[in-house]
1. If I filter the range 285-300 down to residues being of a type in the set (S, T, N, Q) and surrounded by 14 or more Cβ atoms within 10 Å (Cβ to Cβ), which single residue comes out as farthest from the chain's Cα centre (by Cα)?
2. Looking only at the range 269-304, how many residues end up being of a type in the set (Ser, Thr, Tyr) and without any contact (Cβ under 8 Å) to a residue 24 or more places away in the chain?
3. If I filter the range 321-338 for residues that are out of contact with any Asp or Glu (no Cβ under 7 Å at 6 or more places or on another chain), in a loop (DSSP other than H, G, I, E, B) and exposed (fewer than 14 other Cβ atoms within 10 Å of the Cβ), do I get at least one hit?
4. Right, Val303: touching a helix residue (DSSP H, G or I) at 6+ places or on another chain (Cβ under 8 Å) and part of a helix (DSSP H, G or I) or not?
5. Provide a single number: the residues in the range 182-224 that are of a type in the set (Gly, Ala, Ser), free of Cβ contacts under 8 Å to residues at least 40 places away in the same chain and over 12 Å from Arg166 (Cα atoms).
6. Please find, within the range 205-255, the residue that is modelled with the lowest pLDDT out of those that are more than 26 Å from Pro13 (Cα to Cα), in a loop (DSSP other than H, G, I, E, B) and of a type outside the set (D, E, K, R).
7. Of the residues that make up the range 146-166, is at least one under 27 Å from Ala312 (Cα atoms), touching a Gly at 6+ places or on another chain (Cβ under 8 Å) and either of a type in the set (A, V, I, L, M, F, W, C) or free of Cβ contacts under 8 Å to residues at least 12 places away in the same chain (or both)?
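The values are calculated or read from the model by the stated rules, or taken from the named source; none is laboratory data. Everything numeric in this text was worked out from a predicted model, so none of it was measured. Cβ coordinates were reconstructed from backbone atoms using ideal geometry, including for glycine residues, and neighbour counts include every protein chain displayed.
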Amino acid sequence: MSDVDVIVAGGGPVGLAAAIEARLSGLTVAIVEPRDGPIDKACGEGLMPGALPLLERLGVDPAGHPLRGLRYRAGDAVADHYFRGGEGRGVRRTVLQAALAERAVELGVERVPGKVTRIEQDASGVTAAGLRADWLLGCDGLHSSVRRLIGAELPAPRRRRFGTRRHFTVAPWSDLIEVYWSGHVEAYVTPVADDTVGIAMLGGRGTDFDDEIAALPQLARHLEGAVPATGLRAAGVLRQRTSRRRAGRVLLVGDASGYVDAITGEGLRLGFAQAAAAVGSVAAGRPGDYEKQWASITRDFRVITSGLVCLASSPLRPAIVPLARALPPLYGAVVERLAR
């Protein structure tokens, strides 16, 4: 007999969302996570408009700052798009984590300190971290041990990008997600509170955060006199490839299932949607449906993001913002496709 219906490996936002989904479906759940308390991560912290209804159905409404659209900026060239389907929200990662964790506890999700380092499965269940369950959901992030244990990890590409993030105590000067394009980095500015903005930077290994801010004069002016509110946090390699998203009774969800790049900023929306699909497939006794559902959920992300990363890595990079400015219908269509 199983200890629980579902083991969730990883207690970040996507793991918590998967656990909540499982409880709402009437399944018993245990989250296996070695870290205690809110789990921070270097990320943009902007929830696209499509992510908020997914959180609402989980019973979670985290505090944050409204986001009305997206701004691309390179020097004096600016391209704005305002979301057509409602606002997004800038939310500190730790605030989102705490809200999801509180909801999980409210629903009776069990937490088991530890990490999944071995997986054994048979026709009737799966064993990991000292627990027996019917299913295991691998929600353990970019560097997923579950992905490796089921043999679904593919080698990282030669071109590797990383992310860094720091918060500043300063009143937001815009209610847009601002993306500053320089010669070789993108700096994402997201207001997350009335007195705090987060800046996430994407670039190659060894990117110097302070030097790159100084090289963006429009952004540097906004930060004059601003006090760093957090230390510098890093993440990467961003590109993660997988050969499959399911092996028997183990399903990969969120960044663990494969990730292209953070350049388009909809990782959490995708993770929440994948969590709902994974839980729905196992609750219905149709785990084989998940692979097709995963492909459908992530298709736009994979195609658009891969194309934008290729463009950003090519000699055409300086043309990205002028092109977005010159072709607002195209720019808007891409943003809306990713924001929904």
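1. Here the answer is Gln293.
2. 1
3. Within the range 321-338, one or more residues are out of contact with any Asp or Glu (no Cβ under 7 Å at 6 or more places or on another chain), in a loop (DSSP other than H, G, I, E, B) and exposed (fewer than 14 other Cβ atoms within 10 Å of the Cβ).
4. Values: touching a helix residue (DSSP H, G or I) at 6+ places or on another chain (Cβ under 8 Å): no; part of a helix (DSSP H, G or I): yes.
Answer is no for this residue.
5. Count: 4.
6. Gly206
7. Yes, because at least one residue in the range 146-166 is under 27 Å from Ala312 (Cα atoms), touching a Gly at 6+ places or on another chain (Cβ under 8 Å) and either of a type in the set (A, V, I, L, M, F, W, C) or free of Cβ contacts under 8 Å to residues at least 12 places away in the same chain (or both).
Condition check ((1) closer than 18 Å to Ala22 by Cα; (2) without any contact (Cβ under 8 Å) to a residue 24 or more places away in the chain; (3) basic (Lys, Arg); (4) outside any loop (DSSP other than H, G, I, E, B)) across all residues:
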residue	(1), (2), (3), (4)
Leu54	yes, no, no, yes
Asp61	no, no, no, no
Pro66	no, no, no, yes
Arg73	no, no, yes, yes
Asp80	no, no, no, yes
Gly85	no, no, no, no
Ala99	yes, no, no, yes
Arg103	yes, no, yes, yes
